[in-house]
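Just so it is clear, none of the values below were taken in a lab; they were calculated from the coordinates. From a predicted model like this one, the values you see are computed outputs, not experimental measurements. Every residue, glycine among them, receives a Cβ derived from its backbone with ideal geometry; neighbour counts consider all protein chains shown.
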């Protein structure tokens, strides 16, 4: 395990990362992933300087070909724009990988020798809320260290992954012909966050029907200025990938005109704040539940000296104490 | 709307309810449903005296025939045991009905003239968490006013409804042949809380396969002393209803032997406490988000004078203040 880093060492690593030192960047990303005091210090450092990069989220059911599609988009960015691009592959169900590239991301390995492509996987670190907090911080770190495009790819379509993808500037939702059955539960949630819809494996039967269904669902469920375009792709052959990039770029232009991007990012920052606050309240509740006072409360509860309502009052008072101790004096 | 009731008036209504006055009981249930100071006072009153009634939860997908089955079970209780029985029909998706019997509960109307059957529906009152809090309090009120058996029937299988059913002593999960498709998302959650499994409409094709599937899933997912029996019923003809009641009774005996019932209820009381505490924390967070301090925080966030982490700290401090103000002085 890494020993604690001083503030000046942090700045040193940060400067090295800005000059293209990938080892330094990887080390900083580990700090972000780990959270704690250093991660927090770093998050503070990057927040002020970040804001010029553009973040694109890719989400969709496992097996939809997201990873192949992401790789094809990266190849397109490299050949058409010559822009550097960073990819964060987010998998809340995996154990922590220590930052290694996921072994099965074979398609991504075509970029392994390209210095202008940085690929990093992030996995769950204990509490799921931790991942949702770490990803936007990681995006800001990549932003602040000079990566103008950041792609966040989620492995599945659980709620955490939908939340993570929704933090990006443009959210690409990848489905397949006949997709309805595989993502039953989160269909509404997926459509709600989509800025661009992709029907990948569009050479399979049912692509036209899927497009028609999606168009219908969008009409029913949305009342927005921006109507998500529906792009058909075959990631394995590259068909439609240029059109997908055009759709992403159109959405970016839409956001950048009329201040949509700034208001969207302000809304995201607020949501991030509330999420962090809620997690701290939960942590304080967890600590109160482990405290000695709570053992008394539980005993009183089972003896019927106290009802759940009174017991909850006591618990909330203990949380208030926890918060006071954790936060120092309240602002006057 | 009812004017505020004094404590002595509450006790009066409580005594009247104990003597069989259904109007008084309905009025008290409305207070429980509404929450607030009177509901809280009442909950405190009933908690001390409750504990002798037995609560049975019925849950399952809409259309599974739960309502018909519940009615048939009530008829069985009345004819075989001559015991009074109360039914709470819980529907989080409906607007508040003011305590009227749901209009479509045609099957239940066969009990409308039976003084030993009390039927009441509870619907969502604003926040969903409110319903999960109100139901156990309503069950305790029925318990304390002399109803020895309380059946809680949920209308659907959303998470709130699963939570509500899981608060009961015996949880009956109702499915149909071919049920897998209709409750996709909550299949695991339903199996986890089931003490008794019912395949209703068992005269339809697929009943044997459903039973086999359920048995397999139980083997895979459970490692408990109690294995949920699987009962096949046809609620419309009454087939299997006596066997269902026997299965419920067996589970009750199992719980009452060896202290399982007491420990289960203690666990439920603890969960109820944590749920109430979490709701109060959420309310305090909501209040902090509306406060003047938060407007400043949001402005600082969008000016980048503050990052989400610092902003969350400020928010949490505001919550701590809210809690202190709400709870009075912390216990020493």
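Extents of segment A:1-53, largest first, come to 32, 20, 19 Å (Cα atoms, principal axes, whole angstrom).
Once you sort the root eigenvalues of the Cα gyration tensor of segment B:1-93 as a ≥ b ≥ c, which label holds: rounded (a/c under 1.5), prolate (a/b larger than b/c) or oblate (the other case)?
Taking the square roots of the gyration eigenvalues as a ≥ b ≥ c, segment B:1-93 is prolate.
The mean number of partner chain beta-carbon atoms within 10 angstrom of a residue's beta-carbon across peptide A:276-289 is 5.
Angle between the Cα long axis of helix A:7-18 and the longest principal axis of chain A, 0 to 90 degrees, nearest 10? Rounded to the nearest ten degrees, it is 10.
Between the helical axis of A:241-256 and the longest alpha-carbon principal axis of chain A there is an angle of about 50 degrees.
Could you tell me which of rounded, prolate or oblate describes segment A:211-270, using a ≥ b ≥ c as the square roots of the eigenvalues of the alpha-carbon gyration tensor, with rounded for a/c under 1.5 and, failing that, prolate when a/b is larger than b/c and oblate otherwise? It comes out oblate by the Cα gyration axes.
Restricting attention to chain A, close to 5% of DSSP beta bridges with both partner residues there are antiparallel.
Kindly give the distances from residue B:295 to its copy-mates, label point to label point, with each label point 7 Å from Cα along Cα→Cβ, as nm values to one decimal ordered shortest first. Between copies, matching label points for residue B:295 lie 4.7 nm apart. With viscosity 0.692 mPa s and temperature 37 °C, the Kirkwood radius over alpha carbon pairs of segment B:270-327 converts through Stokes-Einstein to a diffusion coefficient of 272 µm²/s.
Where both partners of a DSSP beta bridge lie in the protein assembly as shown, what percent of those bridges are antiparallel, to the nearest 5? Expressed as a percentage, antiparallel bridges in the protein assembly as shown total about 5.
Each copy carries residue A:76; placing its label point 7 Å along the C-beta direction from Cα gives inter-copy distances of 6.1 nm, listed from smallest up. GNM on chain B, alpha-carbon springs under 10 angstrom: the most fluctuating residue among B:134, B:300, B:277 is B:300. Just the number: Rg to Rh for the protein assembly as shown, Cα atoms, Kirkwood Rh, two decimals. Rg divided by Rh gives 1.01. Inter-copy label distances at residue A:116, using a point 7 Å along Cα-to-Cβ, come to 8.5 nm with the shortest given first. Using a simple spin-label model with pseudo-atoms 7 Å out from Cα toward Cβ, residue A:216 and residue B:116 lie 5.3 nm apart. For chain A, would you read off the P(r) tail past 33 Å as a percentage of all alpha carbon pairs? Looking at chain A, the distances longer than 33 Å represent 34 percent of pairs. Compute a Gaussian network model of chain B, connecting alpha carbons closer than 10 Å, and tell me which residue from B:169, B:115, B:91 fluctuates the most. Judging by the Gaussian network model, the answer is B:115. Against the longest alpha carbon principal axis of chain A, how many degrees, from 0 to 90 and to the nearest 10, is the axis of helix A:128-144 turned? So the helix axis and the longest Cα principal axis differ by about 60 degrees. Taking a ≥ b ≥ c as the square roots of the Cα gyration tensor eigenvalues, with a/c under 1.5 meaning rounded and otherwise prolate when a/b beats b/c, else oblate, which class fits segment B:242-305? Cα axes put segment B:242-305 in the prolate bin.
GNM on chain A, alpha-carbon springs under 10 angstrom: the most fluctuating residue among A:193, A:56, A:276 is A:276.
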